[in-house]
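Input: a single structure, listed below in structure tokens.
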Amino acid sequence: MLILFDIDGTLLRSQGVGVRSMERAARLLFGDHLSIEGIEVAGRLDVLIWRDLATRHGIDPGAENHARFRSTYRRMLEQAFDDGAVARALPGVMELVRAVAEAPDLTAGVLTGNYRETGRMKIDRAGLDPDVFVIEAWGDEGATRRDLPPVAMNRYAARNAATIDPNQVVIIGDTPHDVDCARHHGCRSLGVATGVFSVDDLRRSGADRAVASLAEVDDILTWLRDGSG
């Protein structure tokens, strides 16, 4: 079984340092007037956030400017962490990730809107080992979040020399976008209300289960394996 974790608001909280670093990068490259305020960020791909930011301010969002933005964002995020910004693993995350990674019948992965280099940086700064997530699907690997589950499942198949049924894939996330991409491909979804959406919001979006946090590790592991509760 493949367990795919979102990062921001699911594995960790970093007090908005990613969004601030994006805005700082854009201002450094294209002018101090740029603002990310009002652009939807929760659960969205970094590439789409960049596109919206560029389009709003009349900047060409094409490959050259995108590459400059992405590189500068990485530098700004690293600098912010070095200057004292903190990423913290959310309740239950350390224990749940460890249990999934060590279980012979489970495989840990990430499915996230983050760029790979900044996503791994956040995970590392929160005290988790990025390498325990052996299957990865990153925010620049699809046009929308719905494109990412097949990326993860194909990597699982390549690693294990066997395909995986969608009902053996669980996507854990804190937004309706996580739930939607799971439902679109017939995967199961566990909504966790440690971001900006409530348990009720996640249930209404169609999550197979929604919890307040990942703190009840044994209960969540039981549900992952048998789908009950």
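All of the numbers you see were taken from the coordinates with simple rules; none came from a lab. Here the structure is a predicted model, which is why all the values come from computation and not from measurement. Methodologically, a virtual Cβ is constructed for each residue, glycine included, from the backbone with ideal geometry; neighbour enumeration extends over all protein chains shown.
Ranking I164, V132, S71 by Cα position along the charge dipole of the chain, where only Lys, Arg, Asp and Glu carry charges on their C-beta atoms, puts S71 farthest toward the positive end. Once you have a ≥ b ≥ c as the square roots of the Cα gyration tensor eigenvalues for the range 17-82, tell me rounded if a/c is under 1.5, and otherwise prolate or oblate according to whether a/b is larger than b/c. Because its axes are fairly even, with a/c under 1.5, the range 17-82 counts as rounded. Remark: spin-label model distance V86-N65 equals 3.7 nm, labels positioned 7 Å along the Cα→Cβ axis.
Between the listed residues I59, A193, L2, the Cα displaced farthest toward the positive end of the dipole of the chain, a dipole computed from Cβ unit charges relative to the Cα centre, is found at I59. Spin-label model, R203/S35: points 7 Å from Cα along the beta carbon direction are separated by 3.7 nm. With the simple spin-label model, which puts each label point 7 Å out from Cα in the Cβ direction, the E117 to R27 separation comes to 2.2 nm.
Taking every DSSP beta bridge that has both ends in the chain, the antiparallel portion is near 10%. Placing unit charges on the Cβ atoms only, positive for Lys and Arg and negative for Asp and Glu, gives the chain a dipole magnitude near 380 debye about its Cα centre.
For the pair D105 and T144, a Förster radius of 35 Å applied to the C-beta separation gives a FRET efficiency near 0.70, rounded to the nearest 0.05. Each Lys and Arg Cβ is given +1 and each Asp and Glu Cβ -1; about its Cα centre, the range 134-229 then shows a dipole of about 240 debye.
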